[in-house]
Amino acid sequence: MLKVQNLEFTYPKSNKKAVNGVSFEIKKGEIFGFLGPNGAGKTTTQKVIIGLLKDYHGVVEILGKNLLSWKTDLYNRIGVGFELPNHYQKLTALENLELFASFYRRRTIPPLKLLQMVELEEDANQRVGTFSKGMKSKLNFARSLLNDPEVLFLDEPTTGLDPVGRRLIKNLIIQKRNEGKAIFLTTHNMQDADELCDRVGFIVEGRLVLIESPKELKIKHGKKIVKLEYIKDGGLESQEFDLKNLADNKSFLSLLKTGSVQTIHTEEATLEDIFIKATGRHL
Ligand code: ATP
């Protein structure tokens, strides 16, 4: 669905490459997370791919065709949810979606259906200027789906949302993946990335330094131990055991049999730990 090879981009009047040799691909039904600190080149990469920045080096293929051969018809087939929602404040949510729907030369999803999907149906006729941050974020997400895009670019899609709203949007993203869409997700939120992404790419100073599935990364970088917390003499104590041969570990088994165990966890590394280890940088 999307293939990027050796992408390089330098802004006019800048002497530094904002994107410096980035290569990755996204398949049908895959969520690819693009993670990196501020200024790493995430937005620039996305802007090149969606045709907003020209004069790049390298090859971008989208929906089986070189980006350079696409005309405006590309916009009928991709969806973009920019990080900062840009709606018409004096129009209602419904009017905003109707307006944007009118730009497409392809059948669009009925705006009311999208508003229901993001649980904004009761606010459909309210002016967007009166919306909260979270409501704007939901509307922004709904707008990116208007043309039922095959490739979806989402920049921080859960910004400003409460836990219930975040869950809703995350479930919708997973639903879109299951429908076979290819999703390019830019985020600083490691928990979102971990939950949603099939693979993540770490970008630092314009270079992609690592691409892996979050699960593989955590297995590779995690400690191979199990930590148990248990009650002893009225207080909480903890003990760690080697994951290897755990089933034959007598002290582990006897601790389990005491019935005093309160929690049991493998010591997985978080994506954030791995990012710092791989890049030497904080997000
Ligand atoms: P963030 O997490 O803050 O959104 P990002 O990873 O999206 O960051 P980019 O916006 O792609 O980073 O910026 C990459 C580099 O390009 C930075 O050094 C930035 O200063 C520079 N840059 C971005 N936009 C422009 C511009 N319009 N003109 C010149 N330089 C720019």
Between a residue in region 177-205 that is modelled with pLDDT of 95 or more and assigned to a loop (DSSP other than H, G, I, E, B) and any residue that is of a type outside the set (S, T, Y) and within 16 Å of the ligand (Cβ to nearest atom), which pairs come within a Cβ distance under 6 Å, given they are 6 or more apart or on different chains? C197/G33
Being farther than 16 Å from L2 by Cα, touching a Ser or Thr at 6+ places or on another chain (Cβ under 8 Å) and modelled with pLDDT of 95 or more is the filter here; which residues of region 54-106 pass it? A101
Counting only residues that are at pLDDT 95 or above and β-branched (V, I, T), which one in region 122-163 is nearest to L63 (Cα to Cα)? V151
Restricted to region 14-39 and to residues being within 13 Å of the ligand (Cβ to nearest atom) and exposed (fewer than 14 other Cβ atoms within 10 Å of the Cβ), the residue farthest from H57 (Cα to Cα) is N38
Of the residues that make up region 1-14, is at least one among the polar types (S, T, N, Q), touching a Ser or Thr at 6+ places or on another chain (Cβ under 9 Å) and free of Cβ contacts under 8 Å to residues at least 12 places away in the same chain? no
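Table: residues versus (1) more than 25 Å from L146 (Cβ to Cβ); (2) among the hydrophobic types (A, V, I, L, M, F, W, C); (3) surrounded by 14 or more Cβ atoms within 10 Å (Cβ to Cβ).
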site: G180; (1), (2), (3): no, no, no
site: V200; (1), (2), (3): yes, yes, yes
site: E216; (1), (2), (3): yes, no, no
site: L228; (1), (2), (3): yes, yes, yes
site: I231; (1), (2), (3): yes, yes, no
site: N249; (1), (2), (3): yes, no, yes
site: L255; (1), (2), (3): yes, yes, yes
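Is at least one residue of region 103-124 assigned by TED's automatic domain parsing to the domain that holds L172 and either touching a Cys at 6+ places or on another chain (Cβ under 7 Å) or on the phi > 0 side of the Ramachandran plot (or both)?
Going residue by residue through region 103-124, those that are assigned by TED's automatic domain parsing to the domain that holds L172 are 103-124.
From what's left, either touching a Cys at 6+ places or on another chain (Cβ under 7 Å) or on the phi > 0 side of the Ramachandran plot (or both): 119.
Within region 103-124, one or more residues are assigned by TED's automatic domain parsing to the domain that holds L172 and either touching a Cys at 6+ places or on another chain (Cβ under 7 Å) or on the phi > 0 side of the Ramachandran plot (or both).
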Over region 149-164, the set of residues crowded, with 18+ Cβ neighbours inside 10 Å and without any contact (Cβ under 8 Å) to a residue 60 or more places away in the chain is T158, L161
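Tell me whether region 72-88 contains one or more residues that are away from the ligand (no atom under 16 Å from the Cβ), surrounded by 14 or more Cβ atoms within 10 Å (Cβ to Cβ), of a type in the set (F, W, Y) and in contact (Cβ under 8 Å) with a residue 24 or more places away in the chain.
Taking region 72-88 as the starting set, the residues that turn out to be away from the ligand (no atom under 16 Å from the Cβ) are 72-79, 87-88.
If we keep only those that are surrounded by 14 or more Cβ atoms within 10 Å (Cβ to Cβ) as well, we get 74-79, 87.
Subsequent filtering for residues that are of a type in the set (F, W, Y) retains 75.
Going one step further and asking which of them are in contact (Cβ under 8 Å) with a residue 24 or more places away in the chain, we end up with 75.
Yes, there is a match, as at least one residue in region 72-88 is away from the ligand (no atom under 16 Å from the Cβ), surrounded by 14 or more Cβ atoms within 10 Å (Cβ to Cβ), of a type in the set (F, W, Y) and in contact (Cβ under 8 Å) with a residue 24 or more places away in the chain.
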Hey, could you check region 48-62 for residues that are in a loop (DSSP other than H, G, I, E, B) and exposed (fewer than 15 other Cβ atoms within 10 Å of the Cβ) and say which is nearest to the ligand (Cβ to nearest atom)? L52
Check region 164-186 and report whether any residue there is in the same structural domain as G81 (by TED's automatic domain parsing), farther than 30 Å from L114 by Cβ and within 16 Å of the ligand (Cβ to nearest atom). no
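The values are calculated or read from the model by the stated rules, or taken from the named source; none is laboratory data. Just so we're clear, the structure is a prediction, and the values are computed from it rather than from any experiment. All Cβ positions, glycine included, derive from the backbone under ideal geometry; neighbour counts span all protein chains shown.
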